[in-house]
Amino acid sequence: MRLTTSPREAALALAAEHLVGLPTETVYGLGGRADSPLAVARIYAAKGRPADHPLIVHVADADAAWQWASEVSPAARALAATCWPGPLTIVLARSSRAGDFITGGQSTVAVRVPAHPVMREVLAELAVVTGDTAIGIAAPSANRFGKVSPTTASHVLDELDDVTSDDDLVLDGGSSEVGVESTIVDCTGDAPVLLRPGRISAQQLEDITGQALGTRTHVRAPGMLASHYAPAARVRIVTAAELAHAATASGNSLTMGVLAAADIPTPPNTVRLAAPRDTDDYARVLYQALREADALQLTTVLAVAPGEAGIGAAIIDRLNRAASGA
Ligand code: TXA
Ligand code: MG
């Protein structure tokens, strides 16, 4: 993979069915033309992702998104009007644009209008180059299957450089602002159903749609495995009160990392991986901290979870998955 800072170069590479590591406000994605079975097959191969795990299609605006769907509920329209461009993915019944190679053979498609200005430029350029204003970019997070999502261009290189080709690119757009993957909401049924927590909270989804979230869904969201987002180090979730005691197990060797809010002190003989100021900051530094633990070859990460308000629920979700990876 080659690093670039040019959205136009990225769009030309995508048009030619190459892969591009792309900055989004949530995490970096590994992008390919969503209308190209070849590009999409290469995404699955590079990630080592099972073929029945469907991909999110990224588009320029809601009008483009609806072209990938056969039916758009009022809830979906309300969410799009309020949250797009932004960190929300909406699952809808698919139109003929969404091939089986994107949806894992399901009758639904996941669409998102990203907010990152560099990514938006890529989408705009790609629409010009292809002459298709509804052109989509299929992009899962740009990590090996089951691993921690990347939030910088250099994380993408670390993850995927040796399983991609010299014609593939990574577009550097700085550090991802949100830091955890988009909220996914299933809008195929009577009531919207939360499939993956993210920056847009369950409460916001209810406020925006004026509907209580449902729990019944026929939609399968593979990829929401118990073990995911897992570093090599073992992740243990502890309370602030348990932290000091848990850390005594490290003895005098620096084998334990600590991830906790700034006002929680670092126990002796541990490595402070991050000291986030607030919950949004916690999300932003979470994956970088887990990567740092592996770079330092720590055996354990002791994480004090934030409260579940706002993006806190998404952080708790990712920490639980990382913790069950041991
Ligand atoms: O923030 C994000 O969503 C990032 C950036 C790059 O946009 N992308 C991302 O993609 O996290 P990925 O592939 O790592 O996670 C997508 C999730 C998977 O769990 C997948 O199963 C689910 O979305 N998904 C995709 N299409 C679906 C569909 N039609 N129905 C249900 N779930 C779907
Ligand atoms: Mg992922």
Got a number for residues in the stretch 278-326 being buried (at least 18 other Cβ atoms within 10 Å of the Cβ) and not in a helix (DSSP H, G or I)? 11
Would you confirm whether any residue within the stretch 153-168 is within 11 Å of ligand 1 (Cβ to nearest atom), farther than 17 Å from ASN320 by Cα and of a type in the set (A, V, I, L, M, F, W, C)? yes
Can you run down the residue pairs with Cβ atoms below 9 Å, 6 or more apart or on separate chains, where the first is in the stretch 132-160 and without any contact (Cβ under 8 Å) to a residue 12 or more places away in the chain and the partner is aliphatic (A, V, I, L, M) and part of a strand (DSSP E or B)? SER154/LEU3; SER154/VAL170
Select, from VAL122, VAL118, VAL57, VAL113, the only residue that is surrounded by 21 or more Cβ atoms within 10 Å (Cβ to Cβ) and over 15 Å from the mean Cα position of the chain (by Cα). VAL122
What number of residues within the stretch 89-122 are touching a residue at least 40 places away in the same chain (Cβ under 8 Å), in a strand (DSSP E or B) and not polar (S, T, N, Q)? 8
Have a look at GLY21, GLY86, GLY32 and point out the one that is outside any helix (DSSP H, G or I) and either at pLDDT below 95 or away from ligand 2 (no atom under 16 Å from the Cβ) (or both). GLY86
Identify the single condition in (1) outside any strand (DSSP E or B); (2) closer than 13 Å to LEU22 by Cβ that VAL170 does not satisfy, given that it satisfies every other one. (1)
Which residue out of ALA230, ALA191, ALA138 is aliphatic (A, V, I, L, M) and within 13 Å of ligand 1 (Cβ to nearest atom)? ALA138
Within the stretch 85-110, can you find the residues that are farther than 17 Å from LEU22 by Cβ and either surrounded by 21 or more Cβ atoms within 10 Å (Cβ to Cβ) or within 8 Å of ligand 1 (Cβ to nearest atom) (or both)? LEU88, ILE90, VAL91, LEU92, ARG94, ALA98, PHE101, THR103, GLY104, GLN106, THR108, VAL109
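The values are calculated or read from the model by the stated rules, or taken from the named source; none is laboratory data. All values reported here derive from a predicted model rather than from experimental measurement. Note that each Cβ is placed from the backbone with ideal geometry, even for glycine, and that neighbours are counted across all protein chains shown.
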